Amino acid sequence: MNKCIERLYNGIIKENPTFVLILGMCPTLAVTTSLINGAGMGLTTTVVLMLSNTIISMLRKVIPAEVRMPAFIVIVASFVTMVQFLLQAYLPSLNNALGIYIPLIVVNCIILGRAESYASKNPVLPSLFDGIGMGLGFTIGLSFLGAFREILGSGSIAGVQFIAEEYHIRIFGYAPGAFFVLAGLIAIQNKIRLNHGKKVKELPSCNGKCTECEQKCDNPTGKEGE
Amino acid sequence: MNELLHISSNPHIRDKATTGKIMLDVIIALIPATIVGISVFGLKALLLIIVTMISAVTAEAVFQKITHQKITISDGSAALTGLLLALNLPVSLPVWMAVLGAVFAIIVVKQFFGGLGQNFMNPALAGRCFLLISFGTAMNNFTIDGISSATPLANLKSGMAVDISKMFIGTTAGTIGETSAIALLAGALYLLVKKIIHLNIPLAYIASFSIFVIIYCLFTGRGLDWEFLAAHLCGGGLMLGAWFMATDYVTSPITPRGRIVFGICLGIMTGLFRFCGKSAEGVSYAIIFCNLLVPIIEKLTIPKAFGREDEDNE
């Protein structure tokens, strides 16, 4: 079970597909004009990712290595088709808003990437949780992107307008705005996650012998005299 | 004079020109256009110019302070960006939009890419295009004497007659600094005399654009319509763009042949934007688009070093 929680953490924070791996940029930049669209795209991808990871993991000993890519694509495409039929039937407005990007989930590199690097080598349950984690990470990324773009570009959140028309910065609704917001969000989370930009702690002179050293510095080499 | 002689490795001949002096000269050259703009459009124009310049300088200072860089506002480049941006705005624009444009120009276009000398496109024009895309209605609301009216270029596009003498002096609708061709030409003359800019980019730009207009006239059955050509040369941002924006040191090619190529690209793009595009104006988009071509143009037009002319024969 521990493994499964680790997979969730990995997908949502450590290897977040939008902010860390920078995967699946096509839907990320194209459909995140609003919170609903972003979250809808993210959740649709999550469903496909969960199902495809599970099935690919089940079939991992059956699929011959030489033809694994076509096999993965067939599995992913089947689920995408099913999900699209469901969206057309029950959420036609979301389906219209996402348009061509639903069928394009088939070639989304997050899904093929997880199939290739995780699901095809690991048991079913961790693969399922890997799919959930990655999918939720993607959903969170797209939702944030969509929310910021919607607030700045059309002055509303989830369709509820609260900023008057004349204060809308409409460029955020177009493609350049997607790049601005994505870059801004990546910069903010890098600032939080990494130590970049922080001042290096001043330490008393280092003699290069880390094994004898009692200071806890940021750069222990573990080797002497280097 | 002795301070100009150094015993050192080359370069041996030093010039007194500094970034600050060049920027100051360009600002001086823009003063006629600014004065005409203020006298035609009123005190709101002065307010917009001051606010835009102050916000550009403040944005640069704050960003450099936060990122622990040397603060370089005293070189005047941020003030010049602010002034150029303000001259590219319609007088009716709300002040906060102008502030936003200045902050965008300085922080996103200039500082994010490494500050002065590293920006890949003209910050003032990128700021204008940012505002143009974001606030299309406000940016296209041109007033003169408090009355909304179409710009001469928009009138031309819809087939109406325009008064060229008014366009030359500057008493037409348009952005604050672009309307008066004569004031801009006076400023350009000052820059040419001071050798801040060279003729090659503006001439190649204006000449290729004129040829484009003439060809357009011939192909659309207008015949040789000199008034139409003159109106297109005086109208819109062409004079401001050709003399003050396209000649920006950072975003124009450094090779002599490259500058000609750059000017021709500008002329063709401006023509395409004006005649084939939806909007009547095209100078700003043409310049920032050609700014992006500069690295390729420079790569293709590197002059041959002395004594290496037979390299092609190998």
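Per-residue answers, yes or no, for (1) in contact with a Lys or Arg (Cβ under 9 Å, 6 or more places away or on another chain); (2) buried (at least 22 other Cβ atoms within 10 Å of the Cβ); (3) closer than 12 Å to A:Gly137 by Cα:
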position: A:Glu15; (1), (2), (3): no, no, yes
position: A:Thr18; (1), (2), (3): no, yes, yes
position: A:Ala30; (1), (2), (3): no, no, no
position: A:Gly42; (1), (2), (3): no, yes, yes
position: A:Val47; (1), (2), (3): no, no, no
position: A:Ser52; (1), (2), (3): yes, yes, no
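Give the residues of the stretch B:87-102 that are more than 12 Å from every other protein chain (Cβ to nearest Cβ) and not polar (S, T, N, Q), sorted by residue number.
Hits for the stretch B:87-102 are B:Leu87, B:Leu89, B:Pro90, B:Val91, B:Val95, B:Ala98, B:Val99, B:Ala102.
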*Being without any contact (Cβ under 8 Å) to a residue 40 or more places away in the chain and polar (S, T, N, Q) is the filter; apply it to the stretch A:94-150 and report the residue that is nearest to A:Leu43 (Cα to Cα).*
A:Asn95
*For residues in the stretch A:123-177 being open to solvent by less than 60 Å² (accessible area, probe 1.4 Å), at negative phi and in a loop (DSSP other than H, G, I, E, B), which is nearest to the other protein chains (Cβ to nearest Cβ)?*
A:Ile169
*What helices (runs of 4 or more DSSP H) completely inside the stretch B:13-132 contain at least 3 residues that are within 16 Å of B:Phe244 (Cα to Cα), open to solvent by 30 Å² or more (accessible area, probe 1.4 Å) and in contact (Cβ under 8 Å) with a residue 12 or more places away in the chain?*
B:19-41
_Boolean, B:Ala138 is part of a helix (DSSP H, G or I), more than 30 Å from B:Gln69 (Cα to Cα), among the aliphatic types (A, V, I, L, M) and within 13 Å of chain A (Cβ to nearest Cβ)_ = yes
*Which of the following residues is more than 11 Å from every other protein chain (Cβ to nearest Cβ) and modelled with pLDDT under 95: B:Ile147, B:Ile133?*
B:Ile147
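The values are calculated or read from the model by the stated rules, or taken from the named source; none is laboratory data. The shown structure was predicted, so the numbers you read here are calculated from the model rather than taken from an experiment. Every residue, glycine as well, gets a Cβ built from its backbone with ideal geometry; the counts of neighbours run over all protein chains shown. The accessibility values were calculated without ligands, DNA or RNA, using every heavy atom of the protein model including side chains. Shrake-Rupley method; radii C 1.70, N 1.55, O 1.52, S 1.80 Å.
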